[in-house]
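First up is the structure itself, then whatever we jot down about it.
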Amino acid sequence: MNTLTPRQIVSELDKYIVGQDDAKKAVAVALRNRYRRMQLPEEIREEVTPKNILMVGPTGVGKTEIARRLAKLVDAPFVKVEATKFTEVGYVGRDVDSIIRDLTEAGIRLVKEQQTALVHDLAVQAANNRIVELIAHPVKKKQNPIDVILGNRPREPEMSAEEKESLSTRREDIRQNLMAGKLEDTIVEVEVEEVTPRAEIPGTDMSVSDMMGGILPKKTKLRKVPVSEARRILTAQEEDQLVDMDRVYTDAIARVEQDGIVFIDEIDKVAGKGSGHGGPDVSREGVQRDILPIVEGCTVNTKYGPVRTDHILFIAAGAFHVSKVSDLIPELQGRFPVRVDLKPLSAEDYKRILTQPKNALISQYQALLGVDGVKLEFSDEALEMIARHTCEANETGENIGARRLHTVLEQILSDIAFNAGGGDAPETTVTVTGEYIARQLQTSIHSADLSRFII
């Protein structure tokens, strides 16, 4: 996917996001530049740093979705953080280094999922072999913890040649029935790891079990489950054994350093000119100065090893209604050289959002109600009314962008969703018309939000 051209990247983003061509173009170029950098000679490659992006625009216009879809497009480690969750050192809040720790965890999950997919078939085969053994030769008792520590295996009783042949025949019969799906409801006893609460050490991303380094054996217990459930449990166990976690950690850190994407939302909430006498503005500037080294490029220590942030792509976003971009400290402004302004959504944009993107809102509701045998249809007039009402509601009240479409559709479809369902209910087609929408929204379509005029 790294070989996608900027035009192809924008084309992929168009499947999910309506409008905002400037922002799509900026992230597409930033992504392509990563591929270009990797083709350069090593001596110059390290000097080429990402051109971080600052998105300016109201909420609900697609800032987060663009960054999230971009990371998904190229299977890059991605994390979204809110600047307001961090406070200057000495105040109550999260440490900014946790951004990179969270990104590293995301990278490990991503790489492990990919490695697990490669060994899945082998794991299923091994799990089926273990199920055959469990049915043919059930677990008699749980192994003594002392034997686990010492590595002692339980002694198997000696078997005669006839017993061995009988057991082999029994295993083959069980295997054939298992492959034929005849034993899915058979109860077997499997050994599983006991789930214990994770006790994290304050100020770190490590738990007590991490500190012990696996010195103590993991607690296990026996569970009686059907074969179908046992296969899932045993497959997961086999996958864990087949995946080389040391390689996963190494590959994940490399992916984070070269392909990681961090989306910092609400950056405008920590922008503000210092008042010179303490107070919240000082705290805001402190957060910016704490974030600055991460964006500039530094090394963050994680429990998986040091992670360099020099080539991580940072995308910051904010509405900047109250503050201005110039209110950010100059050093931080300079680390986001690409600035794009996202446009507010129009009624036509809302109509397109309802139907055009892949898995659009209308398609989601049609699929949900289709489960109960309701074929949901919308007239063109109905779609225009929904879009127009959403636009007017955002203009007269709090502007929450495309998220208001969820509120409007829930209000319109609440009666239909409530009355649908029932095992004996016949399949039916429901067409949502402009007249129906007018009835559903009559209490709110003419009312304005007067709270903003009250002092």
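The values are calculated or read from the model by the stated rules, or taken from the named source; none is laboratory data. This is a predicted model, so every value here is computed, not measured. Backbone-built Cβ (ideal geometry, glycine too); neighbour counts: all protein chains shown. Areas reflect the complete protein model, heavy atoms only, side chains present, ligands, DNA and RNA absent. Shrake-Rupley method; radii C 1.70, N 1.55, O 1.52, S 1.80 Å.
Check the straight Cα-Cα distances from residue 269 and name the lysines below 30 Å, setting aside those fewer than 8 residues away within the same chain.
Here the lysines satisfying the reach criterion relative to residue 269 are 24, 25, 51, 63, 72, 80, 85, 324, 343.
Can you list residues whose amide H is under 5 Å from residue 432's amide H, if they're 5+ apart or on another chain and H is modeled 1.01 Å from N?
377, 378, 379
Quick one: grab the alpha carbon gyration tensor of region 268-401, order the square roots of its eigenvalues as a ≥ b ≥ c, and give me rounded if a/c is under 1.5, else prolate or oblate depending on whether a/b is larger than b/c.
prolate
Amide H to amide H under 5 Å from residue 302: which residues, 5+ apart in sequence or cross-chain, H placed 1.01 Å off N in plane?
Placed amide hydrogens put 307 under 5 Å from residue 302.
Take every DSSP beta bridge with both residues inside region 238-352 and express the antiparallel ones as a percent of the total, to the nearest 5.
So the antiparallel bridges in region 238-352 amount to around 50 percent.
For region 26-79, which GluC sites (Glu not before Pro) are both in a DSSP coil and crowded by at most 10 other Cβ atoms within 10 Å?
Those satisfying the criteria are 47.
Grab the other residues whose beta carbon is less than 9 angstrom from that of residue 357, score K and R as +1, D and E as -1, and report the net.
+2
From the protein chains alone at 1.4 Å, what is the descending order of accessible area for 361, 118, largest first?
Heavy-atom accessible area, descending, gives 118, 361.
Taking K and R as +1 and D and E as -1, what net charge do the other residues with C-beta under 14 Å from the C-beta of residue 380 add up to?
Residues close to residue 380 contribute a combined charge of -2.
So if I take the centroid of the Cα atoms in region 52-78 and the same for region 357-381, what is the distance between those two points in Å?
27
For residue 193, tell me the accessible area in Å² from a 1.4 Å probe, rounded to the nearest 10.
Answer for residue 193: close to 100 Å² accessible.
How much solvent-accessible surface does residue 303 expose, in Å² to the nearest 10, with a 1.4 Å probe and all protein chains in place?
Looks like 60 Å² after rounding.
What list of ³J(HN,Hα) couplings, whole Hz, do you get for region 21-36 from phi and the Karplus terms 6.51, -1.76, 1.60, once you set θ to phi - 60° and write x for glycine and proline?
Whole-Hz 3J(HN,Hα) from phi for region 21-36: 5, 5, 5, 4, 5, 5, 6, 5, 5, 4, 5, 5, 4, 5, 5, 4.
Short version: ³J(HN,Hα) in whole Hz for each residue of region 128-133, in order, from phi by Karplus 6.51 cos²θ - 1.76 cosθ + 1.60 (θ = phi - 60°), x for Gly and Pro, what are they?
4, 4, 5, 5, 4, 5
Among the lysines, which have Cα under 26 Å from the Cα of residue 219 when same-chain residues fewer than 8 positions away are ignored?
Residue 219 reaches 112, 140, 141, 142, 303.
Counting only residues 5 or more places away or on other chains, whose amide H sits under 5 Å from the amide H of residue 310 once H atoms are built in the peptide plane?
Close amide H contacts, sequence-distant or interchain: 298.
With a ≥ b ≥ c taken as the square roots of the eigenvalues of the C-alpha gyration tensor of region 1-60, please select rounded if a/c is under 1.5 and otherwise prolate if a/b is larger than b/c or oblate if it is not?
Cα axes put region 1-60 in the oblate bin.
Under the rule a/c < 1.5 gives rounded, and otherwise a/b versus b/c splits prolate from oblate, where does region 1-123 land using the Cα gyration tensor?
The shape class here is rounded.
Taking region 278-345, which GluC sites (Glu not before Pro) meet the DSSP loop condition and have no more than 13 other C-beta atoms within 10 Å?
Hits after loop and neighbour filter: nothing returned.
Convert each backbone phi in region 239-253 into a coupling constant with the Karplus relation 6.51 cos²θ - 1.76 cosθ + 1.60 (shift: θ = phi - 60°), then list the ³J(HN,Hα) values in order as whole Hz, x for Gly and Pro.
Ordered by residue, 3J(HN,Hα) equals 4, 4, 6, 7, 7, 7, 5, 4, 5, 4, 4, 5, 5, 5, 4 Hz.
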